[in-house]
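All remarks here apply to the structure that follows.
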Amino acid sequence: MRYRLRRPRQMAPILIDRTVDQFSDLDGFASQIAAMDTVVAIDNSTAHLAGSLGVPTCVLLPFAADWRWFEKREDSPWYPTSAAVPAAAARRLAVRGGNA
């Protein structure tokens, strides 16, 4: 899966739902993620839950990424709908304005 940053015509609002606590209400948290079109997250529980639910996910990796993301791959053998974006690639995309 190739990743590409695009500038939206109009910025979508960021919605924060404080009624669901991801640590104490995993079912509610999973329901929120399942209702999303796409998830963009760092390597955390949100990314792993989204990947396991089959939601298209873009995982932003740190410079020293965990071994399970494999350095030379953009996809994940565990989460077929996820794309791993290494920090260096994300930096290049941001500098070029979204054109890889």
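The values are calculated or read from the model by the stated rules, or taken from the named source; none is laboratory data. Owing to the predicted nature of the structure, the values given are computational and were not obtained by experimental measurement. No Cβ is skipped: glycine too gets one built from the backbone with ideal geometry, and neighbour counts run over all protein chains shown.
So in segment 44-88, with the set limited to residues that are outside any loop (DSSP other than H, G, I, E, B) and free of Cβ contacts under 8 Å to residues at least 24 places away in the same chain, which one is farthest from Gln32 (Cα to Cα)?
Ranking the candidates gives Trp67 first.
Can you go through Ile16, Ile33 and tell me which one is more than 16 Å from the chain's Cα centre (by Cα), on the phi < 0 side of the Ramachandran plot and either modelled with pLDDT under 80 or surrounded by 15 or more Cβ atoms within 10 Å (Cβ to Cβ) (or both)?
Numbers: Ile33 fails: more than 16 Å from the chain's Cα centre (by Cα).
None of the others qualify; the one that does is Ile16.
Restricting attention to segment 27-54, and to residues there that are in contact with a helix residue (DSSP H, G or I) (Cβ under 6 Å, 6 or more places away or on another chain) and among the β-branched types (Val, Ile, Thr), which single residue is nearest to Pro80 (Cα to Cα)?
The qualifying residue nearest to Pro80 (Cα to Cα) is Val39.
Of the conditions (1) exposed (fewer than 13 other Cβ atoms within 10 Å of the Cβ); (2) at pLDDT 80 or above; (3) in contact with an Asp or Glu (Cβ under 9 Å, 6 or more places away or on another chain), Asp66 clears all except one; give me its number.
Condition not satisfied by Asp66: (2).
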